[in-house]
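The values are calculated or read from the model by the stated rules, or taken from the named source; none is laboratory data. Source: prediction; values computed, not measured. Here the Cβ positions follow ideal geometry from the backbone for every residue, glycine too, while neighbour counts run over all protein chains shown.
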Amino acid sequence: MAVAALVAFTVRTPLKVVLVDHWRHRWLPRSRLAARIAAVELVILVLPALAAVDLAGWAWCVPMAIAAPLVGVELWFDMRSRGRRLLPELSGSVGIAAVAASVALAGGADARLAVALWLVLAARSLAAIPFVRAQIARLHHGSGSTAGSDRAQFAGAVVAITAVAVYPAVAAGALAVTALLVAQVLWVRRPPVQPRSSACVSSYSVSPSSRPLRSGCSPDAQAADSPEPNGLPRLLVSTRTTVAERRWTRVRAMLYISSDGARLPSRLPASS
């Protein structure tokens with residue numbers, strides 16, 4: 001069951017690529033590759049599922065059947081490139097939480113325990129996703145309403161209490177989720193923390209006369225920054241950054257390159 005759940009989670013990415021390209025009436029080389037990968041992963045998914053049926057019967061399939069419409073909603077939004085909306089994110093996370101109920105039933109546990117486990121995980125997802133979305137909105141805009149996050153925390157607490165009512169043995173898990181909900185209610189009222197990066201990036205457009213866009217650089221680094229002779233962005237990266245961070249800095253800088261065919265130099269300086 002654990003292997004099947006892991007494969008079911010990983011198959012979403014290639015399946016999403018295939019669905020998006022089909023929805024847009026196109027078939028690209030990436031579509032064929034994604035289709036092959038999805039087909040292989042679906043075959044791998046079927047094998048442990050059949051083994052679970054042989055060993056534990058069909059009872060564990062009931063939570064999967066109930067969660068199927070929720071997963072279908074997420075895939076429907078993913079297919080139309082709208083998977084980052086609130087409804088598909090909640091549907092997908094609550095749907096995948098049904099794996100806990102299936103594992104419990106496959107192990108011969110009481111159906112009430114399976115339902116309670118699903119509810120505890122669902123309570124965590126219902127509260128966490130709106131909280132994260134509220135934090136991102138506040139980070140981008142400097143402030144924002146916390147009403148949506150507060151309602152989600154209340155809904156999560158209700159679901160956690162319902163789980164305890166269904167099967168009291170899950171009280172410890174429900175209590176942990178409730179404590180986290182309280183922490184999120186308090187946390188969302190704190191001023192948003194601006195992200196910090198050890199990398200210093202000063203991005204210029206291809207035209208040397210345009211105004212530079214600086215982000216997160218110290219005054220000394222900004223004073224030393226200047227466009228390269230060919231007008232391309234010059235990246236100043238702290239010596240404390242890793243190779244992966246420097247590569248990511250290069251990718252970020254490419255977003256500022258215009259479409260006239262200009263490219264960044266092949267090597268990124270480690271420091272300046």
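What to note about this one:
- Selected residue [at pLDDT below 95, more than 20 Å from Gln135 (Cα to Cα), of a type in the set (A, V, I, L, M) and in contact with a Cys (Cβ under 9 Å, 6 or more places away or on another chain)] from Ala169, Ala199, Ala221: Ala221
- Just one residue in the set Ile44, Ile66 is part of a helix (DSSP H, G or I), more than 28 Å from Gly148 (Cα to Cα), in contact (Cβ under 8 Å) with a residue 12 or more places away in the chain and out of contact with any strand residue (DSSP E or B) (no Cβ under 6 Å at 6 or more places or on another chain); that residue is Ile44.
- Number of the condition not met by Val7 [criteria: (1) free of Cβ contacts under 8 Å to residues at least 24 places away in the same chain; (2) surrounded by 16 or more Cβ atoms within 10 Å (Cβ to Cβ)]: (1)
- Once the range 141-171 is narrowed to residues that are within 23 Å of the chain's Cα centre (by Cα) and among the hydroxyl-bearing types (Ser, Thr, Tyr), the residue that is surrounded by the fewest Cβ atoms within 10 Å (Cβ to Cβ) is Ser143.
- Failed criterion for Asp21 (all others in (1) surrounded by 13 or more Cβ atoms within 10 Å (Cβ to Cβ); (2) within 30 Å of Gly148 (Cα to Cα) hold): (2)
- Annotation note: Cβ proximity below 7 Å between a residue of the range 163-187 that is within 12 Å of Leu119 (Cα to Cα) and a residue that is of a type in the set (Lys, Arg) and part of a helix (DSSP H, G or I) (sequence gap 6+ or interchain) occurs for Val166/Arg112; Tyr167/Arg112; Val177/Arg124.
- Index of the failed condition, Arg84 passing every other in (1) of a type outside the set (Phe, Trp, Tyr); (2) modelled with pLDDT under 90; (3) over 22 Å from Asp21 (Cα atoms): (3)
- Just one of the listed residues (Ser93, Ser81) is of a type in the set (S, T, N, Q) and surrounded by fewer than 18 Cβ atoms within 10 Å (Cβ to Cβ), namely Ser81.
- Qualifying residue in the range 104-120 (condition: within 23 Å of Trp76 (Cα to Cα), over 15 Å from the mean Cα position of the chain (by Cα) and either among the β-branched types (Val, Ile, Thr) or assigned to a loop (DSSP other than H, G, I, E, B) (or both)): no
- Any chance Val73 is closer than 17 Å to Ala160 by Cα and either at pLDDT 90 or above or in contact with a helix residue (DSSP H, G or I) (Cβ under 9 Å, 6 or more places away or on another chain) (or both): no
- Under the condition of being under 21 Å from Val73 (Cβ atoms) and among the aromatic types (Phe, Trp, Tyr), the residues counted in the range 1-47 number 2.
- Residue match in the range 104-113 (condition: surrounded by 14 or more Cβ atoms within 10 Å (Cβ to Cβ), under 19 Å from Ala155 (Cα atoms) and charged (D, E, K, R)): no
- Residues of the range 15-30 that turn out to be part of a helix (DSSP H, G or I), within 19 Å of Arg82 (Cβ to Cβ) and either without any contact (Cβ under 8 Å) to a residue 24 or more places away in the chain or not charged (D, E, K, R) (or both), as a count: 8
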